[in-house]
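Worksheet: the structure to be examined is printed underneath.
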Amino acid sequence: MPPRRTPVPWWLPAPAVVGGLFVVVPVLAMVGRVDWSSFVALVTAPASTTALGLSLGTAAAATGVSFVLGYPLAVLFARSTSRWVGVLRALVLLPLVLPPVVGGLALLAAFGRLGVLGAFLDAHGLRIAFTTTAVVVAQVFVSMPFLVSSIEGALRTGGDRAERVAATLGAGPTRTFLTVTTPRVLPGITAGLVLCGARALGEFGATLTFAGSLQGVTRTLPLEVYLQREVDPDTAVALALVLVVVALVVIGTTTLRTRPVVA
Amino acid sequence: MKTLLRSVAVAAVLVATLATSACSTPGVGGSTDTASGSSAPSGSITVFAAASLQRTFTELGARYEQEHPGTTVTFSFAGSSDLVSQIRNGAPADVFASADEANMAKLSASASEDDGGGDGDGDLAAGWPRAFATNTLEIAVAPGNPQHVTGLRSLTSSDVQLVTCAAPVPCGAATAAVERAAGVTLHPVSEEQSVTDVLGKVESGQADAGLVYVTDVRASDGGVDGVPFAESADAVNTYPIGVLRESTNPVLAASFATFVRSDAGRKVLADAGFGAP
């Protein structure tokens with residue numbers, strides 16, 4: 001059992017409360033502007049449900065891809081002793097600080113029809129432009145760094161003593177990775193998946209720049225919110241509320257289970 | 001916390017620097033029209049203008065300041081509907097120039113229901129808005145028009161990856177109007193949120209063609225070629241300008257709005273491809 005509570009400075013709660021309110025009040029204020037009489041009609045309109053379905057599907061796909069590619073990356077970062085790893089990490093985590101629109105432009109330069117890789121893919125009949133794949137590509141680009149840094153943090157905190165012990169007991173690297181490393185770092189993985197999924201769900205700028213916006217193909221919920229706001233702020237607010245609820249459900253269910261790591 | 005405070009301060013300084021550098025841009029072009037010496041406007045105003053006016057209004061602002069020493073004209077450029085909602089939420093604007101009449105109408109008279117700003121008058125000062133320019137659609141294609149696009153009908157070919165504006169935004173409404181006029185149904189691969197996004201998709205080569213305004217093609221400086229089409233005459237977009245009732249400097253605001261509609265102002269707009277109202 002860990003000690004119940006570490007003493008904190010007496011003045012700490014003041015800025016903490018202000019910080020909490022700063023985040024909560026705008027969301028509550030938005031909820032206050034929802035026109036409940038038309039809420040159901042607005043949210044169940046075909047454009048809305050299509051966008052929500054597309055958002056959930058692409059965010060799930062992006063989280064899966066991010067895990068398959070990002071987990072190994074996190075392990076290499078955490079275990080490497082090379083002094084270049086710092087530079088590499090900074091490069092890979094760049095999308096965290098990059099404005100998403102810039103991320104979209106970078107993706108265009110790489111995977112666009114005239115891009116470095118895009119032209120090659122295009123010549124082989126694989127066109128990403130304006131497809132749902134482009135949405136997933138944009139989401140992976142902006143959200144994978146969250147997963148990598150979250151898992152790497154957990155790996156570093158945990159250290160590699162257990163792995164060394166496993167090796168002395170004769171376990172091969174793959175077996176150690178699957179049966180020792182992975183279970184030990186599971187809370188970090190869960191936290192990483194949640195952050196990554198939430199970021200993918202809210203992705204807007206890179207998608208708009210790189211993938212375009214067409215109902216049922218590339219227009220995810222954030223893009224639909226932005227478009228509806230042009231004509232009808234009520235619809236935009238209603239849809240935004242759906243997005244908030246989905247995000248809360250995702251974060252809520254997982255943080256309850258992995259409380260010590262995330263909280 | 002300390003770092004946060006510092007970054008907030010840095011951000012504030014950056015914003016202030018940007019704002020001042022934006023409005024202290026020296027006058028472009030050499031033509032110095034002699035200032036008419038009536039009751040001289042002074043002080044500063046903030047002009048909210050549609051994104052498509054960024055180039056022309058920046059130039060007009062610089063010229064105005066040159067002709068009226070002691071005045072400062074600051075701009076905020078964004079989509080017209082964004083600007084309308086900012087104004088209705090109390091943003092301190094003195095002049096509003098919209099890319100379409102629908103958004104301006106939201107500020108005039110009866111349209112302002114929920115802003116509590118007194119019934120009847122709306123958000124505009126008496127005598128406004130007034131039209132100052134028009135804009136029509138053109139087909140933007142890659143330089144050299146490699147796909148030999150000749151008109152709206154050639155955009156229906158499945159070989160042409162077409163991008164348009166989404167129906168809710170002004171350029172999308174214009175797109176729907178030319179479709180009706182030409183009797184064709186377009187099947188774009190993407191319906192963008194703004195005309196800038198459409199232009200960007202064509203400039204980057206993602207799309208083969210896009211429906212944008214004449215002025216966007218002109219402003220791309222060779223990034224795209226423009227293909228005019230007859231049906232564009234059925235969707236002429238009128239740009240209105242208006243002085244806001246809440247303006248803290250109505251003299252300067254009216255003077256600048258009048259300057260935009262003057263011969264000198266019209267010339268700058270015409271050079272950018274805008275038509276006369």
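Each reported figure results from applying straightforward, stated rules to the coordinates on display, with no laboratory input. This is a predicted model, so every value here is computed, not measured. Every residue, glycine among them, receives a Cβ derived from its backbone with ideal geometry; neighbour counts consider all protein chains shown.
Answer with one residue from A:95, B:149, B:41: the one whose Cα lies farthest towards the positive end of the charge dipole of the protein assembly as shown, charges on Cβ with Lys, Arg +1 and Asp, Glu -1.
A:95
Going by how many other beta carbons lie within 10 Å of each one, how would you line up A:43, B:95, fewest first?
Working: A:43 16, B:95 28.
Least to most surrounded, the residues fall as A:43, B:95.
What dipole magnitude, in Debye to the nearest 20, does segment A:48-262 give about its Cα centre under +1 on Lys/Arg Cβ and -1 on Asp/Glu Cβ? Could the numbers behind the result be given before it?
Numbers: 15 positive and 9 negative charges, 180 e Å.
Dipole about the Cα centre, nearest 20: 860 debye.
For peptide B:194-201, how many partner chain Cβ atoms fall within 10 Å of a residue's Cβ, on average?
Numbers: counts 3, 0, 0, 4, 1, 0, 6, 8.
Shielding by partners across B:194-201 averages 3.
Calculate how large, on average over all directions, the projected area of the Cα convex hull of segment A:48-262 is; give the answer in nm² to one decimal. Intermediate values should be presented prior to the final figure.
Values: hull surface 55.2 nm².
Value for segment A:48-262: 13.8 nm².
Just from its helices, what would the mean residue ellipticity at 222 nm be for the protein assembly as shown, if runs of 4 or more DSSP H residues each count -39500 (n - 2.57) and the sum is divided by every residue, rounded to the nearest 500 deg cm²/dmol? Write down the numbers at each step before the final one.
Values: 23 runs with 290 residues, N = 540.
The per-residue figure over the protein assembly as shown is -17000 deg cm²/dmol.
Give me a single rounded figure for A:223-229: the average over its residues of other chain Cβ atoms within 10 Å of their Cβ.
Working: counts 3, 0, 0, 3, 8, 2, 6.
Going residue by residue through A:223-229 and averaging, the value is 3.
Rounded, prolate or oblate, given the Cα gyration tensor of segment B:137-234, with a/c below 1.5 counting as rounded? Don't jump to the answer; show the numbers that get you there.
Numbers: a/c = 1.33, a/b = 1.18, b/c = 1.12.
Rounded, since a/c falls under 1.5.
Which percent of the Cα-Cα distances in segment A:119-177 go past 13 Å? Mind dumping the intermediate values first?
Values: 1270 of 1711 pairs.
It works out to 74 percent of all Cα pairs.
Going by average Cβ neighbours within 10 Å, how do the peptides B:196-206, B:138-148, A:123-133 rank, with the highest at the top? Provide the component values of the computation, followed by the final result.
Values: B:196-206: 23.4, B:138-148: 17.4, A:123-133: 15.7.
The packing order, highest mean first, is B:196-206, B:138-148, A:123-133.
For segment B:189-230, what is the convex hull volume of the alpha-carbon atoms per residue, in Å³? Mind dumping the intermediate values first?
On the way: hull volume 3.2 nm³, N = 42.
For segment B:189-230, the hull spanned by Cα atoms encloses 76 Å³ per residue.
Hey, fewest Cβ within 10 Å first, where do A:230, B:179, A:203 land in order?
Values: A:230 22, B:179 19, A:203 29.
Fewest-to-most Cβ neighbours within 10 Å comes out as B:179, A:230, A:203.
In peptide B:156-166, how many Cβ atoms from other protein chains are near each Cβ within 10 Å, on average? List each step's numbers first, then the result.
Details: counts 0, 0, 0, 0, 0, 5, 0, 4, 0, 1, 10.
Averaged over the peptide's residues, the number is 2.
Rounded to two decimals, what is Rg over Rh for the protein assembly as shown when you use alpha-carbon atoms and the Kirkwood radius?
Values: Rg = 27.1 Å, Rh = 26.5 Å.
When Rh is taken as the Kirkwood radius, the ratio is 1.02.
Run the quick spin-label model on residue B:51 and residue B:251: label points 7 Å from Cα toward the beta carbon, then report their separation in nm to one decimal.
3.7
What is the packing order of peptides A:88-98, A:45-55, A:12-22, taking the mean over residues of other C-beta atoms within 10 Å and listing the highest first?
Working: A:88-98: 14.9, A:45-55: 17.5, A:12-22: 10.5.
Going from most to least packed, we get A:45-55, A:88-98, A:12-22.
Considering segment A:91-207, what Rg and Dmax in Å follow from its alpha-carbon atoms?
For segment A:91-207, the Cα radius of gyration and maximum Cα-Cα distance read 18.3, 53 Å.
Modelled label-to-label distance, residue A:157 and residue A:175, 7 Å Cα→beta-carbon offset: nm?
In this crude spin-label approximation the distance works out to 3.0 nm.
Between residue A:49 and residue B:153, what FRET efficiency follows from the Cβ-Cβ distance if R0 is 41 Å, with the result rounded to 0.05? Don't jump to the answer; show the numbers that get you there.
Values: r = 34 Å, r/R0 = 0.84.
Efficiency at R0 = 41 Å is approximately 0.75.
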